[in-house]
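What follows is a single structure, written as structure tokens, with notes after it.
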Amino acid sequence: MAARYELIGSAISPFVRKVRAAMALKGIAYDLSEISVFDPPDWFAAISPLRRIPVLRDRERGGAVLNDSSVICLYLEAAYPEHPLLPQDPWERARALWIEEYMDTEFAFRMGMGLFRTRYVYPRMGQPVDEALVEKTLTQHAPRFYRYLEGEIAGKDFFAGSALSLADLAVATQFANMRHAGEAPDPAHYPALSAYVERMLALPVFAALEREEKAAGG
């Protein structure tokens, strides 16, 4: 029997992974429908006007959809509050949303395009690795991200509040893609961030997704 929810996108996408982690932590069943954002089916534009993944389809609402991983996670948080992924404190809640925004936009753009896509995705599409772009990304962009995140996580277990939150899912999912691309923050320079990333990616929810992705060719 089909689950109520259908999650449409590629498992290797950090945004799809973020939603999958949220749904797993909340105990929400779903069916994953894999599509390539580089060659989506003709019908995809009708449900994703920006042609981005993921898309969440609710079969109990006649197939109505929600777009954007942040929007989807906010819906899940409101609809399934029993396992909260946002702090109750207003300040910490806002901080969680800020960290998610930071990772989803600037970090994802610079590190995703400059490292993950060119080193991991393009070779699987038969395209060469742009080593100059990788080097520029690792020398010009990665250090500023790492410095900021190191300062935000030093002395803390989580990026917002006192428990795992959407902020942590947003950070961990981006570093999962970096791991696929063979990179990680240097523990000698960024000890708090390095330890945090290792701890987050070792959590059962992310470890299970990583095993699945590697089995599928990740």
Between 48, 83, 72, whose Cα lies farthest towards the positive end of the dipole of the stretch 41-83 when Lys and Arg beta carbons carry +1 and Asp and Glu beta carbons carry -1, centred on the Cα centre? 48
Distance between the C-alpha centers of the stretch 1-80 and the stretch 130-156? Whole Å please. 29
Which value in Å does the Kirkwood hydrodynamic radius of the stretch 2-78 take, with 1/r averaged over all unlike C-alpha pairs and then inverted? 12.3
Could you pull out every residue, at least 5 positions away or on a different chain, whose amide H is within less than 5 Å of the one on residue 30? Hs are placed 1.01 Å off N in the peptide plane, and Pro or chain starts have none. none
Of the labelled options (1) 14.2; (2) 19.8; (3) 12.6, which one gives mean projected area of the Cα convex hull in nm² as computed for this structure? (3)
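Taking R0 as 25 Å, what FRET efficiency do you get between residue 122 and residue 1 from their Cβ-Cβ distance, rounded to the nearest 0.05? Please list the in-between numbers first.
Numbers: r = 39 Å, r/R0 = 1.55.
It comes out at approximately 0.05.
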Highest GNM mean-square fluctuation among 46, 172, 192, for the chain with Cα springs under 10 Å, belongs to 46
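Run the helix sum for the chain: -39,500 (n - 2.57) per DSSP H stretch of 4+ residues, divided by residue count, reported at 222 nm to the nearest 500 deg cm²/dmol. Could you put the intermediate results ahead of the total?
On the way: 9 runs with 97 residues, N = 218.
Taken over the chain, the calculation gives -13500 deg cm²/dmol.
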At most 10 other Cβ atoms within 10 Å plus a DSSP loop assignment makes a site exposed; report the longest stretch of the chain without any exposed chymotrypsin sites (Phe, Trp or Tyr not before Pro). 44-218
Could you give the dipole magnitude of the chain about its Cα centre, charging the beta-carbon of Lys and Arg +1 and that of Asp and Glu -1, in debye to the nearest 20? 160
What Kirkwood Rh does the stretch 109-162 have if only Cα atoms enter the pairwise 1/r average? Answer in Å. 12.6
Would you work out which of 163, 190, 129 lies farthest towards the positive end of the dipole of the chain? Charges go on Cβ: Lys and Arg +1, Asp and Glu -1. 129
Relative contact order computed over the chain (Cα-Cα under 8 Å; 6+ residues apart), in percent: 21
With labels modelled as points extended 7 Å from the Cα through the Cβ direction, what inter-label distance (nm, one decimal) is found for residue 195 paired with residue 212? 3.1
Fully extended, how many nm does the chain gain between residue 203 and residue 89 (0.36 nm per residue separation, minus their Cα-Cα distance)? 38.6 nm
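Apply 1/(1 + (r/R0)^6) to the Cβ-Cβ distance of residue 188 and residue 105, taking R0 = 35 Å, and write down the FRET efficiency to the nearest 0.05. Could the numbers behind the result be given before it?
Numbers: r = 28 Å, r/R0 = 0.81.
Calculated value: 0.80.
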Obtain the nm distance between the two label points defined at residue 133 and residue 45 by a simple spin-label model: each point lies 7 Å from its Cα along the Cα-to-C-beta direction. 2.4
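Bear in mind that the values in this text are calculations on the coordinates, not laboratory data. Not measured: the values here are computed from a predicted model. Positions of Cβ are generated from backbone atoms using ideal geometry, with glycine treated the same way; all protein chains shown enter the neighbour counts.
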